[in-house]
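Report on the following structure.
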Amino acid sequence: MAIQIVINLFLAIFWLFVSDSYTMNAFVLGYLFALLLVFLMRKLLPGRFYVITLYKVIKLVFIFLLELIKANLDVLRVILQPRIKNESAFFVYETDLEHPWQVALLSNLITLTPGTVVIGVNDDMKRLYIHCLNFSTKEEVVAGIKGSLEKAVREVGES
């Protein structure tokens, strides 16, 4: 993927020299032409077309921001209650992610959302030990993580 970005930027700069116009408009036009060329050469270049990966990363950021807002509202609801009615709990989360960087990214995203903290990761990188501030049922929490964050992290990692 990195080689595709380098080729795209190199061809865009090459376009500036060929067109003998050094404006931002000429660079954007050259970048778009180069993007088309990289798309046409995608079978010859390693990895998946980088625009698809960029789209998946942006999608992951939006999913995380949505989860962050929901978690902030949940924690606010717990804090503003006159009596503490929440039940916090520790649980083990089984993940299907294959690469260590995916497990690390998922752990960081879970920890960054208020109300949840990843305490540890098993040696085989398949189990996360999580503390949840407002715990209802394990199935509900696991389904929430698998359906949003883990799915988005897996999509980013697909090649």
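Looking at the range 55-96, which GluC sites (Glu not before Pro) are DSSP coil and have at most 12 other C-beta atoms within 10 Å of their C-beta?
On the way: sites: E67, E87, E94; in loops: E87.
Within the range 55-96, the qualifying GluC sites (Glu not before Pro) (loop, at most 12 other Cβ atoms within 10 Å) are E87.
Just how large is the dipole of the range 74-159 about the Cα centre, in debye to the nearest 20, putting +1 at every Lys and Arg Cβ and -1 at every Asp and Glu Cβ? Mind showing how you got there, number by number?
Values: 9 positive and 12 negative charges, 93 e Å.
So the dipole magnitude of the range 74-159 works out to roughly 440 debye.
Quick one: if you stick a label point 7 Å off each Cα along the C-beta vector at A89 and M24, how many nm between them?
With each label placed 7 Å out from Cα toward Cβ, I get 5.4 nm.
In deg cm²/dmol and to the nearest 500, what is the mean residue ellipticity at 222 nm of the chain if only DSSP H runs of at least 4 residues count, each as -39500 (n - 2.57), divided by the residue total? Numbers along the way, then the final one.
Numbers: 6 runs with 94 residues, N = 159.
Result for the chain, helices only: -19500 deg cm²/dmol.
Which value in Å does the Kirkwood hydrodynamic radius of the range 1-41 take, with 1/r averaged over all unlike C-alpha pairs and then inverted? Could the numbers behind the result be given before it?
Details: mean 1/r = 0.1013 Å⁻¹.
Hydrodynamic radius (Kirkwood, Cα pairs) of the range 1-41 is 9.9 Å.
Taking a spot 7 Å from the Cα of W101 along the direction of its beta carbon, which residues of the range 139-159 have an amide N less than 12 Å from it?
156-159
Can you give the charge dipole size of the chain about its Cα centre, rounded to the nearest 20 debye, using +1 on the beta carbon of Lys and Arg and -1 on the beta carbon of Asp and Glu?
Its charge dipole is roughly 260 debye.
Given V103, F135, G157, which one lies farthest toward the positive end of the charge dipole of the range 50-158, if we put +1 on the Cβ of every Lys and Arg and -1 on the Cβ of every Asp and Glu?
Farthest towards the positive end: F135.
Pull out the extension gain between I79 and L40, defined as 0.36 nm times the separation in residues minus the alpha carbon to alpha carbon distance; nm, one decimal.
Gain in length upon complete extension: 8.6 nm.
Rg and Dmax of the range 93-159, using alpha carbons, in Å: what are they?
Every Cα atom of the range 93-159 included, Rg and Dmax give 11.2, 36 Å.
On the protein heavy atoms, probe 1.4 angstrom, tell me the percent of accessible surface of the range 2-159 carried by carbon and sulfur. It would help to have the intermediate numbers written out before the result.
Values: 6990 of 10240 Å².
Exposed carbon and sulfur together represent 68 percent of the surface.
Return the single residue from L133, L65, L29 with maximal mean-square fluctuation; model: Gaussian network over the chain, springs between Cα atoms under 10 Å.
Maximum among the listed residues: L29.
Using DSSP to define loop residues, name the trypsin sites (Lys or Arg not before Pro) in the range 18-108 whose beta-carbon has at most 10 other beta-carbon atoms within 10 Å.
Working: sites: R42, K43, R48, K56, K59, K70, R77, R83, K85; in loops: R42, K43, R48, R83, K85.
Taking the range 18-108 and a limit of 10 other Cβ atoms within 10 Å, the loop trypsin sites (Lys or Arg not before Pro) found are K43, R83, K85.
For the chain, report the convex hull volume of the alpha-carbon atoms normalised per residue, in Å³, without decimals.
Working: hull volume 20.5 nm³, N = 159.
So the per-residue hull volume is 129 Å³.
How large is ³J(HN,Hα) for each residue in the range 81-95, as worked out from phi by the Karplus curve 6.51 cos²θ - 1.76 cosθ + 1.60 (θ = phi - 60°), to whole Hz, x for Gly and Pro?
5, x, 10, 6, 10, 7, 10, 8, 7, 9, 8, 9, 10, 8, 10
Could you do me a favour and compute the accessible area per residue for the range 1-41, 1.4 Å probe, result in Å²? Display every interim value, and only then the final one.
Values: 2850 Å² over 41 residues.
Per residue, the range 1-41 has an accessible area of 69 Å².
Using a basic spin-label model with each label point 7 Å from the Cα along Cα→Cβ, how many nm lie between L9 and N72?
3.2
If you bin the C-alpha pair distances of the range 22-94 every 5 Å from 0, what whole percents do you get?
Spelled out per bin, shortest first, that is 3, 11, 10, 12, 12, 10, 8, 7, 7, 7, 7, 5, 1, 0.
By the scheme Lys and Arg +1, Asp and Glu -1, what is the net charge of all other residues having a beta-carbon under 13 Å from that of Q81? Don't jump to the answer; show the numbers that get you there.
Working: positive: R77, R83, K85; negative: D74, E87.
So the environment of Q81 carries a net charge of +1.
The values are calculated or read from the model by the stated rules, or taken from the named source; none is laboratory data. Nothing here was measured: the structure is a model prediction, and the numbers come from that model. Methodologically, a virtual Cβ is constructed for each residue, glycine included, from the backbone with ideal geometry; neighbour enumeration extends over all protein chains shown. SASA here: full protein model, heavy atoms, side chains in, ligands and nucleic acids out. Shrake-Rupley method; radii C 1.70, N 1.55, O 1.52, S 1.80 Å.
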